[in-house]
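Below is one structure; the comments refer to it alone.
The values are calculated or read from the model by the stated rules, or taken from the named source; none is laboratory data. Fair warning: this is a prediction, and the values are worked out from it, not measured in the lab. As a convention, Cβ positions derive from the backbone with ideal geometry for all residues, glycine included, and neighbour counts pool all protein chains shown.
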Amino acid sequence: MQKDIDLRLSPQQASDLDTIKTIFSAETGILYKDIESVRIIRRSIDARQRNIIVNVRVRGYINEQEPQIKYSSIEYPDVSNAKQVIVVGAGPAGLFAALRLIELGLKPIVVERGKNVRERKHDTSMMSKEHIVNPESNYCFGEGGAGAFSDGKLYTRSKKRGNVEKILNVFCQHGANTDILVDAHPHIGTDKLPGIIEKMRMQIIASGGEVHFNTRMDSLVIDDGKVKGITTNTQQEFDGAVILATGHSARDVYRMLHKQNIRIEAKGLAIGVRIEHPAHLIDQIQYHSEEGRGKYLPAAEYSFVEQVNGRGVYSFCMCPGGIIVPSASGEEQVVVNGMSPSNRGSKWSNSGVVVEIHPEDFPEYSEYGELSLLHFQEYIEKLAWIHGGKSQIAPAQRLYDFINNKKSSNLPPTSYTPGIVSSSLHEWMPLFISSRLQEGLKAVGKKNRGYLTNDALIIGVESRTSSPVRVVRERESLQHPDIEGLYPCGEGAGYAGGIVSAAMDGERCAEALAFWLQAKS
Ligand SMILES: Cc1cc2nc3c(=O)[nH]c(=O)nc-3n(C[C@H](O)[C@H](O)[C@H](O)COP(=O)(O)OP(=O)(O)OC[C@H]3O[C@@H](n4cnc5c(N)ncnc54)[C@H](O)[C@@H]3O)c2cc1C
């Protein structure tokens, strides 16, 4: 027999399965000796009060063995001789689309401009050490997409639980720890993600699909309102319907779509800075204790949203125990983002702090039409490059100095390895953004004593929070309304934000495409 119960435990109790078994026995009245084992099937930390509580849902196995398989495994058929579909981009959207196509009996041809995930590491380290940005292989481009060297946080605001679980199951089938099926805030870690991504690629190939690295789609081949395939920089042409999953940093793709008169729309996004505190300080604030996280708690997380002069100011992609990384994808850009290893063990905790912006906020860019916020992103990333070291050295300011419009005379140590230089971000960032950041941070500081400190740094700029463009698609069919067989997909097309939602959108596009092909035949 199995029985599930909810328990509120101290961090120490929650860290030991034998203690949980004893409590389970006491709560249910079931004899300890009859309980074969207990398993945590959901876990979340409630840190609102001084006494931290870990809420767990526990499944007890009474007079029966705990089953071995903790995720449902998918059988991928051989699709070598099936109809082919082109998937452009091997980020989460593209990889999950490809695997779902296989499940549905179609052969994915994945075309990825960057290198495989192992070779990518060389290029990301060249950014840190030599300040060289390879425009085809960096933190945004290459196998695994922007998700590969990310924090690997797998939570999403999506309420579609079944779909989220499916994505987490696929991750487990390819090597992720089954803890992700349990945690309220699942996290894989940048050290583990590459191995999982490799296994997903191997599955695609083993099932008869194809994966082409160093192959950039340069244009869509369109004939009479129908997509026929793509051309690439390797002079190879691929035929078939297209899932366009190129991510939010492929500006050349947006420009190509614009030039090919394929309907796109300007879309709002959020821009700001990354803020970095000593991890211990965030632990102290969040866990209300001088001791910080202690022995039994993980590095603390936080999130906030404030409204300032009609615009949201919010934390974005918080990385407890993480590092800040250079996320530019081209020359003369400085862009920062965050990630963390699975143990979240670095000395720092960082988070994006960004201001919501809409195309109408910057009328001076309206001449660029649908590409207006893309041009604004380019402008602010270039400003960060100019005010940084004209390299990957990023402009930075102590937090309290920023709030008080003061240039920092020196800077504390940082996790950002390319280096930082003191700069007056309050002066050169557009006032629309800097003034809201200042007010938003002041409001957060009032609610969280210790947060507004000169031991914290802000580093510019966090500009790749989402896509500045939406590639339009029909609600039901998910096809582009003007081009048959074209499926805009994932974050780059404006339909996802984050690894799980991009993966879910990849699966949806694969399903819609399979349905359309079947209806046609
Ligand atoms: C440093 C960092 C940390 C992050 N941390 C998290 C996190 O912890 N949790 C989370 O949920 N999200 C995180 N994100 C965001 C997350 O990575 C993205 O939301 C997600 O990867 C979007 O998936 P996607 O497949 O739509 O696009 P992408 O991951 O951007 O993938 C697009 C792919 O398309 C390829 N491509 C582009 N143009 C072409 C072309 N012309 N031809 C062929 N290929 C092309 C690119 O090389 C890339 O591999 C992070 C992002 C970064 C940069």
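Is it true that some residue in the stretch 250-263 is crowded, with 21+ Cβ neighbours inside 10 Å, within 16 Å of the ligand (Cβ to nearest atom) and either charged (D, E, K, R) or farther than 23 Å from PRO481 by Cβ (or both)? No: the stretch 250-263 contains no residue that is crowded, with 21+ Cβ neighbours inside 10 Å, within 16 Å of the ligand (Cβ to nearest atom) and either charged (D, E, K, R) or farther than 23 Å from PRO481 by Cβ (or both). Of all residues in the stretch 217-237 being within 11 Å of the ligand (Cβ to nearest atom) and surrounded by 21 or more Cβ atoms within 10 Å (Cβ to Cβ), which is farthest from GLY494 (Cα to Cα)? Ranking the candidates gives ILE230 first.
Scanning the stretch 376-426 for residues that are under 23 Å from the mean Cα position of the chain (by Cα) and over 20 Å from GLY321 (Cα atoms) yields PHE376, GLN377, GLU378, ILE380, GLU381, ALA384, GLN392, ALA394. If we keep just the residues of the stretch 476-521 that are among the charged types (D, E, K, R) and farther than 18 Å from GLY268 by Cα, which is nearest to the ligand (Cβ to nearest atom)? Checking each candidate, the answer is ASP505.
All conditions in (1) at pLDDT 95 or above; (2) aromatic (Phe, Trp, Tyr); (3) over 30 Å from ARG113 (Cα atoms); (4) surrounded by 15 or more Cβ atoms within 10 Å (Cβ to Cβ) hold for TYR71, with the sole exception of (1). Picking from residues in the stretch 334-367 that are part of a loop (DSSP other than H, G, I, E, B) and within 13 Å of the ligand (Cβ to nearest atom), the one that is nearest to LEU425 (Cα to Cα) is VAL335. The stretch 235-319 holds strands (runs of 3 or more DSSP E) entirely within its bounds, and those carrying 2 or more residues that are touching a Phe, Trp or Tyr at 6+ places or on another chain (Cβ under 8 Å) map to 241-244, 269-278, 305-308, 311-319. Looking across the stretch 10-64, the residues that are closer than 18 Å to ALA184 by Cβ, β-branched (Val, Ile, Thr) and not in a strand (DSSP E or B) come down to ILE20, ILE52.
If I ask for residues that are of a type outside the set (A, V, I, L, M, F, W, C), assigned to a helix (DSSP H, G or I) and surrounded by fewer than 23 Cβ atoms within 10 Å (Cβ to Cβ), which ones from the stretch 411-445 would you list? Within the stretch 411-445, HIS426, GLU427, SER434, SER435, GLN438, GLU439, LYS442, GLY445 qualify.
For beta carbons closer than 6 Å, sequence separation of 6+ or different chains, a first residue in the stretch 229-253 that is within 17 Å of GLY506 (Cα to Cα) and modelled with pLDDT of 95 or more and a second that is more than 11 Å from the ligand (Cβ to nearest atom) and not in a strand (DSSP E or B), the qualifying pairs are ALA241/GLY485; ALA241/LEU513. Filtering the stretch 100-118 to residues that are within 13 Å of the ligand (Cβ to nearest atom) and either at pLDDT below 95 or not charged (D, E, K, R) (or both) leaves ILE109, VAL110, VAL111, GLY114, ASN116, VAL117.
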